[in-house]
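Worksheet for the structure shown next.
Here, each number is a calculation from the coordinates, and none is a lab measurement. Just so it is clear, the model here is predicted, and its values are computed rather than measured. Every residue, glycine as well, gets a Cβ built from its backbone with ideal geometry; the counts of neighbours run over all protein chains shown.
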Amino acid sequence: MYLKRIPQFARCCLQPVARSLQRSGDRRVPTLCSVPRWTRLDAGRRALTGGGGKSPDTSLFFPVQLKPTETGDTDIGAELTQPLNKGEVLKVLNKFYKRKEIQRLGSENGLDARLFHQAFISFRKYVLETDPLQVDLHIVLNDICVGVGHVDDLFPFFMRHAKQIFPMLDCMDDLRKISDLRLPPNWYPEARAIQRKIIFHSGPTNSGKTHHAIQRYLSAKSGVYCGPLKLLAHEIFQRTNDSGVPCDLITGEEQVYVDVEGKPAAHAACTIEMCSMTTPYEVAVIDEIQMIRDLSRGWAWTRALLGLCAEEIHICGEAAAINLVTELMFTTGEEVEVRKYDRLTPLKVLDQAMESLDNLRPGDCIVCFNKNDIYSVSRRIEAQGLECAVIYGSLPPGTKLAQAKKFNDPEDPCKILVATDAIGMGLNLSIKRIIFNSLVKPNLNEKGEREIDTISTSQALQIAGRAGRFSSQFKDGEVTTMFREDLPLLKEIMKKSVPDIETAGLHPTAEQIEMFAYHLPEATLSNLIDIFVSLSQVDGLYFVCNVDDFKFVADMIQHIPLNLRARYVFCTAPINRKQPFVCTSLLKFARQFSKNEPLTFDWICRHISWPVTCPKTIKDLVHLESVHDILDLYLWLSYRFMDMFPDANLVRQIQKELDSIIRMGVYNITKLIRASESNASVAMKDNAALQDPKQGALTDMALLGKFQLQRKVRKAKLSQPFPRKIEGSLASKLVEQGLLTSDMLEQLEKEWLKRQNGNQTSETKTKSFKGKK
């Protein structure tokens, strides 16, 4: 008879008795038949499936490297028994691994097939390479080798080792509780302590919904405005102070207090991430509530909606959010009053596409979805002898406002605007007609993957609604497309109703991640986030926001020694990870911070090579935009680590100078484009691959601006057929990756041919723009 699956505490008591009986010839060795089954299970039992919780993705569990234990030089186990034969031990371990009963026990204790295999490899290495072994393990292995024990007796030792390399097995219940996101209203006890009045101002763009909410905000004794953009916060800040109501400005990069002593005013205008959840207000305004569904930033609107301590919460946004807001407020016991508004001026979808830049009229805005199209279209407009303003997302706020002012000024000869969807909110523009240059744009899907898709009805309405603003010189608006084949699709999109928003975003807090780190001290921050999301539980009203940007920074600075809270702050810094200079700057900031060396004004000037010169090419302009973002990053960090980023005022001064330099660059953007084209044409002579206009055009259309390729091609080559199949081409790769379909490729062919024909036409025709006024 042999010991079979006896728990560790029982085995320790019974094993000496067993050996004594066996030496005396007595075969009455106790077995597990009389031991209750529950004694075989420990804290790790049902770690993956128990308690009704969500099973984690065990591919996120990485084994911890164990430090060698001090066992002394004396092999007590060998003295009590005999030295182990490593060959026999290896056979025993392999037999243990293959036992179905052991695999089942491992599963019951939280080890799925993947974790079981990893744990066994580590356990085998530990047993074979550790000398001397722990006494109890040595004795059990010896008993199995001499035939008086069973391989199952190794299971308690195996599990002990598995929990050492996978510490989450011992605390899975605690991790599940920490990552339980099913009751977000309970996170804000101050808001739950008062009965708030919720008023939803619903309507399309240019319906006056925000105006009514702001009027109530201005009349209140205290109030806070929460908007999605710095531009909107600045606008409300200025408007409030101009109305004689003292108001502070609070954004991630700037905090302006109207009181000379820095005492907070009763009113504040802030970006939504910066609003306080503990300051009491009479009125709060949450603008653009539909962004609660945003895959990256939606958590900020959820936080404001559930957590603001205001007697009245005025919500502005699309009607598609009404049902979700009502359901969310039902969980807090608060009722929602809905006030609906109609558009103040008519908006008409035209029956004809613009088709050619020859048909431009004063007040036109051409909407593109990437910088390359912005550059191309503005260059062609300039070739017509016309001036145009340019607005896109990465421009500094001051430059955007300057371009908007230039376009709006009746006395300025600039009557055409070329812009991205950055005009969808935050700018007051005098637009008569919106012209969509394209109806497809890159988006993030629910998995955080980048894909190219047709714009949504919500996006189309938001952009088209900028035409014919009530306060502009145009009292009605028009919308159309650049190309005839896009117009039916635009009409179809505009006719659709916006689907209801069904879920609100959530994001793990610093406190939750700190509690995770307490249980898993060896895990990286990126790994902690992954495990948190994997274990998190949300009800049907919520989703966990995309954390790819957070993880990108976490992995980038993982090798830098920082405490967890500082590391978390750096990871939440607002950067564009597509800008290498900005990313490397954040890395240098973190490294300098970890050395406890302040980042002074001189240090930052050396880093960005200040002073800078006016841009001479588009490449120079893009670089200066990155420099502006780096200064923004410095200012953002200066409000979190004031001692380490001490020169915020000086940095803000040079940022204003930089804004002016960028403003001049954008003002002369067509000259920069010509210079870039000239430089590129020289470079293309040295690169035969880039001399193929077919490949260049296909890449530009397919990637929609991801790569800066030349659009100007020689007339002699324009008649060449559109390239459908190029061995190893980007088009074939995009098709293989599912980013392009054959139908999309056919559509791209038509657009490419149409665009080249339009270029030829625009080069042979020049009409006087003033005669059209």
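Given the pairs 475/495; 400/656; 230/441, which are separated by over 20 angstrom at their Cα positions?
Flagged as over cut-off: 475/495; 230/441.
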(request) Order the peptides 293-306, 253-266, 549-562, 207-220 from the highest to the lowest mean number of other Cβ atoms within 10 Å of their residues. (result) 293-306, 207-220, 549-562, 253-266
(request) Would you list, by chain and number, the aspartates and glutamates whose Cα falls below 18 Å from the Cα of residue 221, excluding same-chain residues fewer than 8 positions away? (result) 242, 248, 259, 282, 311, 312
(message) Let's test the formula: R0 of 30 Å, r as the Cβ-Cβ distance of residue 361 and residue 664. What FRET efficiency results, to the nearest 0.05?
(response) 0.60
(request) Run down the aspartates and glutamates and flag those whose C-alpha is under 15 Å from the C-alpha of residue 100, throwing out any fewer than 8 positions away in its chain. (result) 108, 112, 152, 153
(request) Can you figure out the FRET efficiency of residue 343 with residue 259, using R₀ = 35 Å and their beta-carbon distance, to the nearest 0.05? (result) 0.30
(request) Identify all aspartates and glutamates with a Cα-Cα distance to residue 595 below 12 Å; exclude those on the same chain that are fewer than 8 residues away in sequence. (result) none
(request) With a cut-off of 17 Å, note down the residues of the range 108-144 whose backbone N falls inside the zone around a label point 7 Å from the Cα of residue 76 toward its beta carbon. (result) 131-142
(message) For a Förster distance of 41 Å, can you work out the FRET efficiency between the beta-carbons of residue 330 and residue 238, rounded to the nearest 0.05?
(response) 0.65
(request) Would you please put 426-435, 649-658, 282-291 in order of how densely packed they are, using the mean number of other Cβ atoms within 10 angstrom per residue and starting with the highest? (result) 282-291, 426-435, 649-658
(message) My understanding is that a pair violates if its Cα-Cα distance is over 18 Å; which of 371/415; 616/671; 405/432; 67/551; 578/619; 91/163 do that in this structure?
(response) 371/415; 67/551; 91/163
(message) Distance between the C-alpha centers of the range 87-158 and the range 628-660? Whole Å please.
(response) 58 Å
